[in-house]
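Beneath this line is the structure, given in structure tokens, with notes to follow.
The values are calculated or read from the model by the stated rules, or taken from the named source; none is laboratory data. The model shown is predicted, which means the values in this text are computed figures rather than measured ones. We place every Cβ from the backbone using ideal geometry, glycine too, and count neighbours over all the protein chains shown. Side chains are part of the model used for accessible areas, which takes the heavy atoms of the whole protein and leaves out ligands, DNA and RNA. Shrake-Rupley method; radii C 1.70, N 1.55, O 1.52, S 1.80 Å.
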Amino acid sequence: MIGWLNRLRIAFGASFLWLICLIYFTQGFRSFVWTAVSYHLKDRLKLSPSASQFVSSVAFFPWSIKPLYGILSDCIPIKGRKRIPYLVIATVLSLVPWPVLGLNAILRSSKWHLTILLTVQNLGSAMADVVVDAMIAESVRFERAVFAGDLQSVSWLSMAWGGICGSLLGGQALAKLKIDTIFLLFTVLPTIQLLSCGLVRENSVGSKAFTDSVSSYNLVNPDDVVVADESFTSKKPNRSTSRRKKSQKNGPKRRSIIPTSYISEKDNSLSLGWLQSLKEASYSLVNAFRKPMILRPMAWFFLAHVTFPNLSTVMFYYQTEYLKLDPSFLGSARVVGWLGLMLGTFTYNHYLKTMKLRKILLCAHIGLSIMSLLDMVLVSRISLAYGISDKTMVIFGSALSDGINQFKFMPFLILSGQLCPPGIEGTLFALFMSINNLGSTLGSFTGAGLASILNLSSGSFDNLLLGIAIQILCIYIPVALLFLIPKEATGLSA
């Protein structure tokens with residue numbers, strides 16, 4: 001382990017590795033402060049479950065427009081640099097709302113002010129996620145391509161570790177500290193992240209180092225290049241150096257994953273204006289997404305979220321108000337959920353890669369319906385009749401639900417990578433992720449609407465069983481649409 005990390009340090013530099021690990025750890029550690037936000041909406045603002053879920057859904061909307069951040073950072077350099085300035089802006093946006101909420105009780109007590117500040121915070125976090133993906137993609141070019149998988153492993157491990165620490169400490173903090181103190185404590189990580197941005201050096205667009213990097217692409221036919229941003233990595237390793245040399249020997253006919261403005265510099269012509277760059281990038285994206293082989297599967301994943309009314313906030317209210325489960329226990333349950341997610345990833349990678357994606361998605365939805373049945377058992381109190389405690393049911397359901405959801409998410413990642421045409425892998429993959437996030441957000445709005453219709457509110461859970469029953473029925477709507485998924489697609493081939 002130490003030798004592996006040392007090799008990465010030599011290849012990328014200690015400051016770069018530190019920044020990558022810190023950003024992903026912070027993303028996972030957000031559970032520390034968002035647990036406090038959930039309790040603040042419920043206990044201090046006295047919002048109903050539907051209103052609380054509405055606030056959360058609005059606040060997380062910036063994660064649904066991630067391609068916009070990537071296109072901006074690709075096409076509009078700031079003082080000649082495309083990554084670090086945007087990372088600084090993103091970090092500031094993700095940092096400022098927390099001390100404001102921690103120090104200003106008036107803003108903290110206003111639902112609309114709180115929603116705006118939380119939205120700004122998510123805007124910064126989503127932008128930072130995009131920029132750091134771009135930095136990883138750019139850092140594993142050519143001679144360092146063999147480290148692409150290792151760098152992704154480091155990032156995922158950092159985020160998982162952050163999530164576990166955030167969930168454990170978040171529950172403990174709520175039991176011992178005030179909400180405003182928790183908000184202020186969380187500012188430590190974004191502050192360190194902001195300071196760490198100055199440790200990484202980035203070449204200016206047009207500098208000799210930048211030009212040399214672009215020239216190494218050795219393009220023969222610039223007309224075959226499509227505009228693409230590198231702001232998102234599809235979690236697939238880049239081509240190795242040997243393969244690149246072989247391609248150059250035979251005459252490179254593939255498309256390059258670099259913006260058109262780079263080619264203009266190589267040809268000693270004027271670079272495209274930022275408006276023209278934005279126009280071409282958007283055109284390439286829309287043109288690729290119109291293809292049925294891409295549109296149909298993405299439509300399925302989008303509908304799979306939208307048609308499922310998410311009642312997670314209602315269940316949170318039920319667990320805390322009716323079952324009287326304390327914050328420290330719920331934090332521990334989320335840790336079990338993280339472990340379940342990691343177990344789901346491991347199980348898929350080792351045992352399910354050769355299974356048809358349609359079958360995996362079918363099994364995932366059947367599993368999710370079973371998890372909803374467990375929720376019905378919990379709410380109906382049948383579990384107590386058999387001597388099963390509420391805590392056991394919650395922990396068991398949390399781990400299994402997150403594991404099953406990961407089975408569903410893995411085919412999404414696989415199809416996203418397989419369907420991306422050459423030249424715009426990064427941008428299109430980011431669009432796929434945004435569609436997935438937007439579907440989840442709209443599913444939360446659907447759940448909030450269902451909770452409002454059923455009059456599910458704080459202290460009133462009489463219709464919760466009916467709401468869960470409706471959930472179970474809606475789970476099977478996407479099953480009827482599985483024909484949108486390529487019939488022969490597996491985890492190994494499209």
Self-check item: In region 16-50, residue farthest from Ala128 (Cα to Cα) [restricted to those that are among the small types (Gly, Ala, Ser) and within 24 Å of the chain's Cα centre (by Cα)]
Solution: Ser50
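Out of Leu325, Leu362, which single residue is aliphatic (A, V, I, L, M) and closer than 20 Å to Phe412 by Cα?
Exactly one of Leu325, Leu362 is aliphatic (A, V, I, L, M) and closer than 20 Å to Phe412 by Cα, namely Leu362.
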Quiz item: For the subset of region 342-360 comprising residues that are of a type in the set (A, V, I, L, M) and in a helix (DSSP H, G or I), which member is most open to solvent (accessible area, probe 1.4 Å)?
Solution: Leu343
Self-check item: Counted residues, region 348-368 - those being of a type in the set (A, V, I, L, M, F, W, C) and modelled with pLDDT under 85
Solution: 3
Quiz item: Taking interchain pairs and intrachain pairs at least six residues apart, which have beta carbon atoms under 7 angstrom, with the first residue in region 449-477 and within 25 Å of Ala364 (Cα to Cα) and the second aromatic (Phe, Trp, Tyr) and in a helix (DSSP H, G or I)?
Solution: Leu464/Tyr318
Practice problem: Name the one entry in Pro411, Pro309 that is closer than 17 Å to Ser440 by Cβ and in contact with a Cys (Cβ under 7 Å, 6 or more places away or on another chain). | Solution: Pro309
Practice problem: For region 286-341, enumerate the residues that are in a helix (DSSP H, G or I), β-branched (Val, Ile, Thr) and buried (at least 17 other Cβ atoms within 10 Å of the Cβ). | Solution: Ile294, Val306, Thr313, Val314, Thr320, Val335, Val336
Quiz item: In region 70-92, is there at least one residue being of a type in the set (A, V, I, L, M, F, W, C) and under 21 Å from Thr181 (Cα atoms)?
Solution: yes
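Which of the following residues is of a type in the set (Gly, Ala, Ser) and in contact with a His (Cβ under 9 Å, 6 or more places away or on another chain): Ala333, Ala299, Ala304, Ala364? It would help to see each step written out before you state the result.
On the way: Ala333 fails: in contact with a His (Cβ under 9 Å, 6 or more places away or on another chain); Ala299 fails: in contact with a His (Cβ under 9 Å, 6 or more places away or on another chain); Ala364 fails: in contact with a His (Cβ under 9 Å, 6 or more places away or on another chain).
Within the list Ala333, Ala299, Ala304, Ala364, the selection yields Ala304.
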Exercise. Identify all residues within region 51-74 that are more than 21 Å from the chain's Cα centre (by Cα) and open to solvent by 20 Å² or more (accessible area, probe 1.4 Å); write none if there are none.
Key: Ala51
Exercise. Kindly indicate whether Thr35 is at pLDDT 90 or above and among the polar types (S, T, N, Q).
Key: no
Self-check item: Elements of type helices (runs of 4 or more DSSP H) contained in region 78-182, each with 1 or more residues being modelled with pLDDT of 90 or more and either surrounded by fewer than 16 Cβ atoms within 10 Å (Cβ to Cβ) or polar (S, T, N, Q) (or both)
Solution: 84-95, 97-103, 105-108, 111-139
Quiz prompt | Residues of region 446-469 that turn out to be part of a helix (DSSP H, G or I) and surrounded by fewer than 18 Cβ atoms within 10 Å (Cβ to Cβ), as a count | solution = 6
Quiz item: Taking the stated definitions as given, is Ala134 touching a Lys or Arg at 6+ places or on another chain (Cβ under 8 Å), under 25 Å from Phe16 (Cβ atoms) and not aromatic (Phe, Trp, Tyr)?
Solution: yes
